[in-house]
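Structure first, then comments.
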Amino acid sequence: MTHKLIHQLNVTRHGRGAIPVLMVHGFGCDQTAWSRLLPLLENDFHLVLFDLPGFGAADPAAFDPRRHGDPAGHAEDVAALCEELKLEGAMMVGHSIGGTIGMMASLLRPGTFHKLCLICSSARYLDEPPHYRGGFSETELDGLMQLMEQNYLDWAGTLSTVALGDAGTPNHRQDLQQRLLAVAPEVLRALARSIFYGDTRHLLPRVTTPSVVVQTAHDAIVPMEAAGYLAETLPDGDLVVMQTAGHYPQLTDPETLAWVLRGCLTVSDR
């Protein structure tokens with residue numbers, strides 16, 4: 001039997017632990033974004049990494065501009081990949097939109113995950129005053145999207161600086177900027193618009209898998225109000241706050257993130 005997606009999405013496995021953990025990278029990255037975290041988790045978990053279509057070393061033929069301009073298309077692929085991998089009762093660690101994609105995949109294939117760990121994820125980035133704060137006004141998002149269209153290099157530099165915040169050293173900012181620039185603009189533009197203007201709040205009440213929202217204390221992309229909303233609206237959700245800054249803790253503070261994940265990724269029932 002040929003496992004098509006396993007090869008197309010460049011699946012790699014790491015670690016000696018018995019607990020399988022599917023790790024879903026976030027926007028503008030690929031599975032190498034987890035590289036600083038892997039040595040800190042390999043003794044405890046069996047880590048399954050892959051690249052979403054259009055990112056990293058995924059087969060270019062796997063990318064469909066129509067389907068993969070929306071997180072829902074990626075979620076369908078993740079659910080299908082879990083079917084190929086025969087994952088049952090596994091853990092899911094997803095960063096930012098990767099967490100949302102993993103959560104959506106859990107709805108498409110019930111029983112796949114025993115727990116969801118959503119790192120700096122959000123159900124809605126656009127503010128809806130006075131009842132919801134997503135972190136961005138429509139004017140701010142319009143400006144960000146316009147910069148992305150007009151000057152991709154400047155957009156990548158601006159987003160890297162803002163996203164990393166006080167946690168970003170010059171090396172961190174260069175690293176993230178290069179990651180963003182490594183992805184073809186036609187891959188990121190449609191997906192960025194779908195993510196930043198999208199809304200997955202209506203899906204949250206349907207998620208029955210126990211979930212942990214892991215949020216940094218200072219994140220310019222996802223404010224604490226949005227993280228709190230996510231944790232409170234998920235039927236079985238908890239919020240864990242890391243006393244660190246930035247939207248990419250796997251790049252800037254992998255030690256603290258690993259410590260948090262080891263506490264979250266348990267197999268005991270809640």
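Taken together, the values in this text are just the output of simple stated rules run on the coordinates, not laboratory data. Source: prediction; values computed, not measured. Please note: Cβ atoms are built from the backbone with ideal geometry, for glycine as well, and neighbour counts cover all protein chains shown.
Using the Cβ atoms and a cut-off under 15 Å, what net charge is assigned to the surroundings of Gly17, where Lys and Arg are +1 and Asp and Glu are -1? Mind dumping the intermediate values first?
Details: positive: Arg13, Arg16, Lys115, Arg262; negative: Glu42, Asp44.
Net charge in that neighbourhood comes out at +2.
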| Taking the Cα centre of the chain as the origin and placing charges on Cβ (Lys, Arg +1; Asp, Glu -1), which of Gly157, Leu52, Ala217 is farthest toward the positive end of the dipole? | Leu52
| task | Sum -39500 (n - 2.57) across every DSSP H segment of at least 4 residues in the chain, then divide by the residue count to get the 222 nm mean residue ellipticity, nearest 500. | result | -12000 deg cm²/dmol
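Tell me which trypsin sites (Lys or Arg not before Pro) from the range 33-101 have a DSSP coil assignment and no more than 12 other beta carbons within 10 Å of their own. Walk me through the numbers on the way to the answer.
Numbers: sites: Arg36, Arg66, Arg67, Lys86; in loops: Arg36, Arg66, Lys86.
Those that pass, being in a loop and sparsely packed, are Arg66, Lys86.
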| Working out 0.36 nm times the residue gap between Leu107 and Asp166, then minus their Cα-Cα distance, what length gain in nm do you get to one decimal? | 17.7 nm
| request: Extending each Cα 7 Å along its Cβ direction at Gln178 and Arg201, get the distance between those two points in nm, one decimal. | output: 4.0
| note | Under the Karplus relation with 6.51, -1.76 and 1.60 and θ = phi - 60°, whole-Hz ³J(HN,Hα) for the range 144-157, x at Gly and Pro, equal 5, 5, 5, 5, 4, 6, 8, 8, 4, 5, 5, 4, 5, x
| message | Taking θ = phi - 60°, what integer Hz values does the Karplus form 6.51 cos²θ - 1.76 cosθ + 1.60 yield along the range 165-178, in sequence order, with x for Gly and Pro? | response | x, 5, 7, x, 7, x, 5, 4, 5, 5, 4, 5, 4, 5
| message | Below 8 Å between Cα atoms, with a sequence gap of 6+, how large is the relative contact order for the chain in percent? | response | 20
| note | Between Thr244 and residues 5 or more places away or on another chain, the pairs with built amide H atoms under 5 Å apart involve Ala217, His218
| task | Please name which of Met103, Gln8, Pro20 has its Cα lying farthest along the dipole of the range 1-109 towards the positive end, using unit charges on Cβ (Lys, Arg +1; Asp, Glu -1) and the Cα centre as origin. | result | Pro20
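Taking Rh as the Kirkwood radius, which is the inverse of the mean 1/r over Cα pairs, what is the Rg/Rh value for the chain?
Values: Rg = 17.1 Å, Rh = 18.4 Å.
Rg divided by Rh gives 0.93.
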| field | 5 angstrom amide H check on Phe113, placed H, neighbours 5+ away | value | Gly89, Ala90
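What's the local net charge at Gly111, with K and R +1, D and E -1, over the other residues with C-beta under 13 Å away? Spell out each step's value before the answer.
Details: positive: Lys86, Arg109, Lys115; negative: Glu83, Glu88.
With Lys, Arg at +1 and Asp, Glu at -1, the neighbours total +1.
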| remark: Taking a ≥ b ≥ c as the square roots of the eigenvalues of the Cα gyration tensor, with a/c under 1.5 meaning rounded and otherwise prolate when a/b exceeds b/c and oblate if not, the range 45-123 is prolate
| Of the peptides 165-177, 214-226, 138-150, 18-30, how do they stack up when ordered by the mean number of other Cβ atoms within 10 Å, highest first? | 18-30, 214-226, 165-177, 138-150
| Got a sec to turn the phi values of the range 229-238 into Karplus ³J(HN,Hα) couplings, 6.51 cos²θ - 1.76 cosθ + 1.60 with θ = phi - 60°, whole Hz, x for Gly and Pro? | 4, 4, 5, 6, 7, 4, x, 9, x, 10
